[in-house]
Protein chains: 2
Amino acid sequence: MTTRVEELQRQASARPGVISLAGGLPADELLPRAALARASAATLGGRDGTEPLQYGWPEGCPALRAWIADRLVARGAAVDADDVIITAGAQQALALIAGVLPRQRRIIVDAETYPSAMSAFAFAGHDVVTEVGDVHYVIDGVSNPHGIDRVAPVRDSLLASGLPIIVDEAYVDLRFDGAIPRPLYADAPDRVWHVGTVSKVISPGLRVGWVDADPSLQHLLINAKQAMDTCTSVPAQRTVADFLAGGHLEPHLDRVLSLYRERKNAMRVALDRHFGDAVRATDPDGGFFLWVTFADSQVDTAALFEPALAEGVAYIPGPAFSTNGNFHDALRLCFATSTPQRIDEGVARLRAAVDRYRGHQ
Amino acid sequence: MTTRVEELQRQASARPGVISLAGGLPADELLPRAALARASAATLGGRDGTEPLQYGWPEGCPALRAWIADRLVARGAAVDADDVIITAGAQQALALIAGVLPRQRRIIVDAETYPSAMSAFAFAGHDVVTEVGDVHYVIDGVSNPHGIDRVAPVRDSLLASGLPIIVDEAYVDLRFDGAIPRPLYADAPDRVWHVGTVSKVISPGLRVGWVDADPSLQHLLINAKQAMDTCTSVPAQRTVADFLAGGHLEPHLDRVLSLYRERKNAMRVALDRHFGDAVRATDPDGGFFLWVTFADSQVDTAALFEPALAEGVAYIPGPAFSTNGNFHDALRLCFATSTPQRIDEGVARLRAAVDRYRGHQ
């Protein structure tokens with residue numbers, strides 16, 4: 001019985017008719033397809049006079065680096081375009097940082113955190129811990145898997161620790177109240193690695209993300225990036241840069257946030273209707289996910305996965321987000337990719353699965 | 001004074017008027033721009049019914065994996081689509097392999113070899129050696145920097161060594177005689193990591209490559225790929241798959257090979273005209289490069305780089321390709337990206353730089 005997210009998602013996608021609340025991606029119907037297709041065509045047509053089909057520099061395309069720096073400046077951080085390195089999504093930014101840290105650091109993560117960050121750290125030979133360590137990893141603005149801001153309450157103590165901090169901002173633009181936090185980078189530029197991505201808002205398939213770090217760390221990251229894959233796909237970078245320069249982001253975000261907010265509410269209503277006091281759920285500040293904990297701590301969400309698939313619903317069991325297999329009585333639900341009606345049906349199926357599974361225990 | 005290839009290329013590109021024989025990329029005028037733009041438009045239009053803007057599986061797009069396997073089968077290797085993992089260029093394939101090898105291997109390379117392979121191995125903590133070691137790295141078909149087939153003469157002893165072999169086939173399709181070697185993978189599938197890319201023939205900017213390995217090694221590579229960047233840019237993969245399925249490769253290769261052959265000949269003529277017996281040069285079997293060694297072993301090609309730039313020509317000094325800074329009396333010239341006329345002018349400038357530099361010694 002696996003708790004690897006990707007393996008569980010494969011199992012869900014292989015079963016026809018399953019309502020998958022297991023995803024970690026934007027809603028298909030919200031992808032800005034037409035604007036990206038136009039941006040891509042302009043890029044391959046060579047609109048800006050340079051050649052997207054040749055190698056780019058490892059640090060990335062100047063226009064994209066400048067846009068990212070400007071956005072951080074607007075949020076209060078003193079960032080220059082030269083401080084930004086474009087990566088193949090936030091995942092590669094995490095892998096690069098893990099690769100250039102001194103060997104075998106102890107990286108402190110939340111007790112529940114993003115599983116692929118743990119993979120990237122472990123792959124580079126670091127230890128992932130939840131208490132005492134050498135480096136912090138946090139997901140700012142909107143956490144995964146909870147969907148709530150877990151950094152704001154500990155911001156001061158985090159900065160006061162004096163440790164390097166890897167700040168993952170994958171969901172930071174997806175706050176339902178529109179209040180994007182002041183970047184941690186603004187208050188400790190010399191020891192914050194700031195990671196972002198277009199995956200959660202524009203397109204995960206393009207694989208465009210970035211890391212901003214202190215200029216003294218830039219050459220390490222650039223050398224690592226070059227050793228890892230030479231440069232990020234240039235047409236992908238330029239497509240994103242063209243989309244952003246075209247002013248498409250803000251109207252797109254408005255549309256996306258309004259729909260995700262509606263879906264989040266639908267999921268909370270559905271959980272209340274079908275489970276009542278049998279579960280506690282977070283009330284997300286943004287993003288894609290709700291974190292659900294069963295009142296009955298005997299529920300084993302890893303064991304429940306297969307019965308749930310049989311009922312036609314998929315989710316990610318709690319232990320997938322834990323360094324040590326904890327949170328067997330919790331699970332993550334994605335509200336972003338299903339309509340309110342499907343969300344209600346999915347949660348009803350989950351209830352049926354829980355009942356059926358209990359009957360067989 | 002650096003001998004890092006990328007740094008030297010930056011210096012060359014920053015100087016207007018320089019004839020750069022320092023490149024490692026296809027000729028701009030040979031990029032199959034129109035066919036790739038059509039393929040990209042078809043991809044983002046969703047021609048095959050799946051969604052290129054969402055995450056893909058870490059192992060890559062099925063159509064592309066199948067095409068790569070079929071091509072290897074046609075060359076005599078028993079490869080299944082499931083044995084192929086799509087990567088962000090050959091560079092990432094090398095980084096992935098380096099990442100999944102047991103820690104701190106001694107990787108045997110040619111005395112002159114591809115610098116970024118050495119970077120990928122060193123970045124993962126391995127030792128790069130030229131004699132006794134645990135794993136071989138070879139560039140099959142057409143070597144970099146020599147442009148000649150350095151594997152054929154040692155093929156049998158390489159296989160007889162019993163060691164794992166990382167086979168880099170970046171230039172294998174660019175043989176002027178069209179004779180593509182039997183893949184080493186065909187004769188030792190359980191210990192050959194086979195690496196390929198579209199960078200040298202179709203487009204380096206897209207960042208699409210692959211690694212084929214024994215099924216027993218697949219899960220290691222897939223987990224590593226997921227930890228490194230989740231998946232390769234999906235629109236890029238699908239653009240390449242669409243280009244290949246459209247039958248564009250063979251006519252494109254014909255056009256490319258005829259032009260590179262002509263440019264190689266032009267460079268050999270120019271070297272003879274301007275240097276005569278003062279240099280020895282390889283007679284490339286294919287690819288982009290000639291390897292030039294000065295008869296006068298006092299020539300220091302790293303020291304010559306700046307005077308050459310001042311004369312208006314750039315190349316890569318020999319030590320860039322060496323594990324330990326050897327080959328100071330050699331250099332690599334790229335014939336692929338310049339017209340015969342520019343090649344002649346570039347070599348004339350190189351001669352002038354050598355004369356000027358000697359006068360100042």
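Quick note: the coordinates plus some simple rules give every number you see, no bench work behind them. Note that the structure is a prediction, hence the values are computed from the model and not measured. Here the Cβ is made from the backbone with ideal geometry for all residues, glycine too, and neighbour counts use every protein chain on show.
Tabulated values for the structure
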read-out	value
Stokes-Einstein diffusion coefficient of region A:155-285, Kirkwood radius over Cα pairs, 25 °C, 0.890 mPa s, in µm²/s	139
Nearby lysines by direct alpha-carbon distance to A:Lys225 (threshold 19 angstrom, same-chain neighbours under 8 apart not counted)	B:Lys225
Spatially proximal lysines relative to B:Lys264 (Cα-Cα < 18 Å; intrachain offsets below 8 disregarded)	B:Lys200
Nitroxide proxy distance, nm - points 7 Å out along Cα→Cβ at B:Arg273 and A:Gln298	9.1
Karplus (6.51, -1.76, 1.60) ³J(HN,Hα), θ = phi - 60°, over region A:274-289, in Hz, Gly and Pro reported as x	8, 10, x, 6, 6, 9, 10, 10, 5, 10, x, 7, x, x, 10, 10
For A:Val128, distant residues with modelled amide H under 5 Å away	A:Ile107
Kirkwood estimate for chain B, i.e. one over the average of 1/r between Cα atoms, Å	21.1
P(r), alpha carbons of region B:33-247 - 5 Å bins starting at zero, rounded %	1, 7, 16, 20, 21, 16, 10, 5, 2, 1, 0
Under Karplus coefficients 6.51, -1.76 and 1.60, residue-wise ³J(HN,Hα) of region A:9-18 in Hz, glycine/proline x	5, 4, 4, 5, 6, 7, 9, x, x, 6
Calculated FRET efficiency for the pair A:Leu253/A:Asp80, C-beta based, R₀ 30 Å, to 0.05	0.75
Amide hydrogen neighbours beyond the local backbone of A:Gly286, cut-off 5 Å, H modeled	A:Phe176
Centre separation in Å (Cα based) which lies between region A:30-88 and region B:152-212	33
Residue-wise HN-Hα coupling along region B:292-306, computed from phi with Karplus coefficients 6.51, -1.76, 1.60 (Hz; x: Gly, Pro)	10, 10, 6, 5, 7, 6, 7, 5, 10, 6, 6, 5, 6, 4, 5
In nm, spacing of pseudo-spin labels at B:Arg15 and B:Asp187 (7 Å Cα→C-beta vector)	4.4
Over region B:33-247, relative contact order from alpha-carbon pairs under 8 Å, at least 6 apart, %	30
Surface/4 of the Cα convex hull for region B:37-143, nm²	9.0
Residue order, fewest to most beta carbons within 10 Å, for B:Ser40, B:Ser233	B:Ser40, B:Ser233
Ascending list, in nanometres, of distances separating the A:Arg356 label from those of the other copies (7 Å, Cα toward Cβ)	8.0
Shape metrics for the protein assembly as shown, restricted to C-alpha atoms - Rg then Dmax, Å	26.6, 93
Long-range HN-HN contacts of A:Val279 with modeled amide H, under 5 Å	A:Ala295
Label-point separation, A:Arg4 to A:Asn265 (7 Å along Cα→Cβ), nm	4.0
